[in-house]
Amino acid sequence: MYILGIESSCDDTSAAVIADGGLLLSNVIASQKVHEEFGGVVPELASRAHQQNIVPVVDTALRRAGIDKHQLSAIAFTRGPGLLGSLLVGTSFAKGLSLGLRIPLVDVNHLHGHVLSHFVKRMPDDRVPEFPFLCLLISGGNSQLILVRNYNDMEVLGATIDDAAGEAFDKCAKVMGLPYPGGPHIDRLAAEGNPKAFRFAKPHIPGLNYSFSGLKTSFLYTLRDAVKQDPDFVTKNQADLAASLQATIIEILLDKLRKAVQQTGVRTVAIGGGVSANSGVRRAVADFCTERNLEAFIPERAFTTDNAAMIAMAGYFKYLDSDFCRYDQVPFARVTV
């Protein structure tokens, strides 16, 4: 069995091939540098770049996997959520290839892909989570706590009511004058700073929901007031600002994760999404689980950002259940797990 996965939800064009049991044979990603000068992803430019990249990316994925397209069992693609223009490119290509090869088409929820990325295997005996487990899904557009009972049975226990953790990282980095995307720059600077140098507002949201808009406002006001006194404040305090911001976001994330573990009694915790590449987040979640004797699953950094391996993995599970996609189904921009 060979499943081709196609991911085009934002600004990365990716294709991957997964074999029986979730064994990864290839995972190719073409990134788009054009957005850096604009400080964020420009949807029209992203969709145009996908059109240029998708054929060579899929061709490279098949060649690296060592198979011919006629050996494919099914094609899995990201149907949403994401940028509609970008999704249309991946969806249209997947439909056309599926029709041409006369093999099943499988649509994948992008967020499900992040959750199920933990089942992608480099080697046949790689460790994977057992159901049920808790997944802290943190990215630029989503911050969710998900109870994963099975690959097709996920319950959102809590979600952000405004901004996501990744957005907080990027927007605060932009205020500091750091390049886009700002998250990796915050991560790098935080390693050199004092996480207790500055205090920022933390939300008091009931239940397991998140909020990061207040933190962003607090960070902005701190910089605005300090720069009035010293125009070079940000330059002089970059590392401490980054470390304090990162520490605050981690505290917010772990506070809800702690409550979710207590409420559910689940003993396995996983993280996923772009923010799970952050060094501080990875270390904090690992320590959190060690202290409580929980089993932790921290993904490879290659599987934290948007990638087709996770789409192929989610598609693999659906293929086993013959859960196929009709050709009249269209992409969607927004949805929750």
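Centroid-to-centroid, using Cα positions, region 185-236 and region 307-337 are 38 Å apart.
Largest first and in whole Å, the equivalent-ellipsoid semi-axes of region 120-174 read 27, 17, 6, each the square root of five times a Cα gyration tensor eigenvalue. Using heavy atoms of the protein chains and a probe of 1.4 Å, the accessible area assigned to Leu215 is about 0 Å².
Mean-square fluctuations from a GNM of the chain, with a 10 angstrom spring cutoff on Cα atoms, peak among Ala168, Ala302, Ala94 at Ala302. Over the C-alpha atoms of the chain, the Rg to Rh ratio, Rh being the Kirkwood estimate, stands at 0.99. What separates the Cα centres of region 279-296 and region 59-95 is a distance of 34 Å.
Computed with every protein chain present, the accessible area of Phe288 is close to 10 Å² [probe 1.4 Å].
A full extension of the chain between Glu155 and Arg127 corresponds to an added length of 7.7 nm, given 0.36 nm per residue minus the alpha carbon distance. Here the simple spin-label model places points 7 Å from the Cα toward Cβ, and for Glu192 and Tyr180 these points are separated by 2.5 nm. For a straight C-alpha distance cut-off of 28 angstrom, the lysines reachable from Lys121 (same-chain residues fewer than eight places away being disregarded) are Lys69, Lys95, Lys318. Taking the longest Cα principal axis of the chain as reference, the axis of helix 165-175 is set at about 50 degrees. Based on the alpha-carbon gyration tensor of region 1-123 and its eigenvalue square roots a ≥ b ≥ c, which shape applies: rounded if a/c is under 1.5, prolate if not and a/b is larger than b/c, or oblate? Cα axes put region 1-123 in the prolate bin. Note on the chain: dipole from Cβ charges, positive end direction compared against Ile29, Leu97, Val148; the farthest Cα belongs to Val148.
Measuring between alpha carbons in the structure, the pairs from Lys174/Lys216; Lys216/Lys259; Lys171/Lys216 lying more than 19 angstrom apart are Lys216/Lys259. Computed from label points 7 Å out along Cα-Cβ, the spacing between Gln51 and Ser31 is 2.5 nm. If you fit an axis through the alpha-carbon atoms of helix 238-264 and take the longest principal axis of the Cα set of the chain, what angle between them do you get, 0 to 90°, nearest 10? In the chain, helix 238-264 runs at an angle near 60 degrees to the longest axis.
With all protein chains kept in place, the per residue accessible area of region 1-76 amounts to 43 square angstrom at a probe of 1.4 angstrom.
Expressed as a whole percent, how much of the Cα-Cα distance distribution for region 164-256 exceeds 14 Å? Cα-Cα pairs of region 164-256 separated by over 14 Å account for 63 percent. Counting only heavy atoms of the protein chains and using a 1.4 Å probe, Tyr2 has close to 70 Å² of accessible surface. Here the sum of -39500 (n - 2.57) over DSSP H runs of 4 or more residues, divided by the residues of the chain, equals -13500 deg cm²/dmol at 222 nm, to the nearest 500. Taking a sphere under 12 Å around the Cβ of Glu130 and counting the other residues whose Cβ falls inside, with K and R at +1 and D and E at -1, yields a net charge of +2. Return the carbon/sulfur percentage of the accessible area of the chain, one whole number, probe 1.4 Å, all protein chains in place. Ligands and nucleic acids excluded, carbon and sulfur reach 50 percent.
The residues of region 268-321 expose on average 34 square angstrom of accessible surface per residue, using a 1.4 Å probe on protein heavy atoms.
Helix 43-65 axis versus longest C-alpha principal axis of the chain: approximately 60°, rounded to the nearest ten.
The charge dipole of the chain, taken about the Cα centre with unit charges on the Cβ atoms of Lys, Arg (+1) and Asp, Glu (-1), comes to about 160 debye, rounded to the nearest 20.
Can you give the percent of C-alpha pairs in region 204-333 whose distance is more than 17 Å? The partial results should precede the final answer.
Values: 6014 of 8385 pairs.
Above the 17 Å cut-off, region 204-333 has 72 percent of its Cα pairs.
The values are calculated or read from the model by the stated rules, or taken from the named source; none is laboratory data. Computed from a predicted model, the values in this text were never measured in an experiment. Cβ sites come from the backbone with ideal geometry, for glycine too, and all protein chains shown count toward neighbours. With ligands, DNA and RNA removed, areas are computed over all heavy atoms of the protein, side chains included. Shrake-Rupley method; radii C 1.70, N 1.55, O 1.52, S 1.80 Å.
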